[in-house]
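The values are calculated or read from the model by the stated rules, or taken from the named source; none is laboratory data. Owing to the predicted nature of the structure, the values given are computational and were not obtained by experimental measurement. Positions of Cβ are backbone-derived with ideal geometry, glycine not excepted, and every protein chain shown enters the neighbour counts. Calculation scope for accessible area: heavy atoms of the full protein, side chains included, ligands and nucleic acids excluded. Shrake-Rupley method; radii C 1.70, N 1.55, O 1.52, S 1.80 Å.
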Amino acid sequence: MKDKPVSIRQKKENTILDETRINDFAPYETMVIDKNIAKINYDHNLVISNTLGAAAEFTWQKGITEKGYFKELINDIGVTVDHNSDSITVTNGGARQILTIVFRVQD
């Protein structure tokens, strides 16, 4: 019997740096998370998931200057992410949901 092929995404190991759970996140509600952006580099991902298994994934993109931004890779839950030097603001989309926010480093 042949082994099933494994996707690259499944092969990569991730190290969780930080995890935050937001219970009962109301539509269009915002939450500020204290996180020093200066310590985040190109191999850091921000993954936000809900209890139904849908998710949003953002990767850190360093700008030409010192500033950078979280580039959206997928967003099935309608959240937005903004940042400044010492915090990240997550804004919920139009549905009430329970969210888990995870910072990961790709190994």
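What to note about this one:
- Of all residues in the stretch 1-18, exactly one satisfies the criterion of being polar (S, T, N, Q) and modelled with pLDDT of 60 or more, namely THR15.
- Annotation note: Cβ proximity below 9 Å between a residue of the stretch 22-35 that is touching a residue at least 24 places away in the same chain (Cβ under 8 Å) and closer than 16 Å to THR51 by Cβ and a residue that is open to solvent by 40 Å² or more (accessible area, probe 1.4 Å) and part of a strand (DSSP E or B) (sequence gap 6+ or interchain) occurs for ILE22/MET31; ILE22/ILE98; ASN23/ILE98; ASP24/ILE98; PHE25/MET31; PHE25/ILE98.
- Residue count for the stretch 19-50 under the criterion of being within 21 Å of ASN84 (Cβ to Cβ) and either touching a helix residue (DSSP H, G or I) at 6+ places or on another chain (Cβ under 9 Å) or at pLDDT below 75 (or both): the result is 8.
- The set of residues in the stretch 51-90 that are open to solvent by 30 Å² or more (accessible area, probe 1.4 Å), of a type in the set (Val, Ile, Thr) and either modelled with pLDDT of 80 or more or touching a Phe, Trp or Tyr at 6+ places or on another chain (Cβ under 7 Å) (or both) comprises THR51, ILE74, THR80, THR89.
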